[in-house]
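Worksheet for the structure shown next.
The values are calculated or read from the model by the stated rules, or taken from the named source; none is laboratory data. Every value quoted in this text rests on a predicted model; they were computed, and no experiment measured them. Quick reminder, even Gly has a Cβ in these numbers, built from the backbone with ideal geometry, and neighbours come from all protein chains shown.
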Amino acid sequence: MQTRAVFLDALGTIVELDPPWTHLAAELGVEPDERLAGAVRAEMAFYKAHAHEGTDAAALADLRRRCAELLSRELSRQVTVEQMMASIRFRAYSDAAPALASLRARGLALVCVSNWDISLPQVLERCGLGADLDGVITSAGAGVRKPDPAIFIPALELARCRPAEALHVGDSPDEDRAGAGAAGIRSLLIDRAGDGEISSLAQIEDHLAP
């Protein structure tokens, strides 16, 4: 069946994260040591487990407050929300914009489907990818997180296609592959180190159904 839409995960697929501990160290005026890196990793794990709770401005502010409090406990010093947020910097992978433009030229609908809070559209705009997408579906907005297949329902509605007409690209077997598969959607795993089915977003076109 012809592919009419491509869904894409965000982090690890179309955007990457600068090591936050280096930026947080600068914010705090300290050296980026292993304790700081460990504290940031703990905060990132907490955020990942709770991102779907950032459903509106108030809920997102509360989630960020809890993340900053966790960092403060881990480091035994106060880390403000402003300092934490200043340390979180995303950028688009170099292959993202060209790949999205090429897929769009084929007439495909492009939707980002990601476990994230409601701020993801703004993140993608700042990374220069907002105009390349037809929509963004977050776990916070959908009320479920991958691998729950229900997160793909609004993406299918937005793309106006059936599951068999969509392809989902992501970097996580447990979230992207499992969730897409449960929704009846084909999936591709990307690993830029070469251990996935594709190592560049440019290769998506090689896996489109005719």
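Things worth noting here:
- Boolean, Gly12 is at positive phi and either in the same structural domain as Ala99 (by TED's automatic domain parsing) or in contact (Cβ under 8 Å) with a residue 12 or more places away in the chain (or both): yes
- Where strands (runs of 3 or more DSSP E) sit wholly within the range 53-164, those with at least 1 residues that are of a type in the set (Val, Ile, Thr) and in contact with a helix residue (DSSP H, G or I) (Cβ under 8 Å, 6 or more places away or on another chain) occupy 109-114, 135-138.
- Whichever residue in the range 60-83 is over 14 Å from Val40 (Cβ atoms) and hydroxyl-bearing (Ser, Thr, Tyr) and, among such residues, is nearest to the chain's Cα centre (by Cα): Thr80
- Filter result (charged (D, E, K, R), surrounded by fewer than 15 Cβ atoms within 10 Å (Cβ to Cβ) and touching a Leu at 6+ places or on another chain (Cβ under 8 Å)) within the range 20-72: Arg35
- Boolean, Leu103 is in contact (Cβ under 8 Å) with a residue 12 or more places away in the chain, over 18 Å from Phe90 (Cβ atoms), surrounded by fewer than 22 Cβ atoms within 10 Å (Cβ to Cβ) and of a type in the set (A, V, I, L, M, F, W, C): no
- Of all residues in the range 186-196, those satisfying the criterion of being of a type outside the set (Lys, Arg) and either on the phi > 0 side of the Ramachandran plot or surrounded by 15 or more Cβ atoms within 10 Å (Cβ to Cβ) (or both) are Ser187, Leu188, Leu189, Ile190, Gly194, Gly196.
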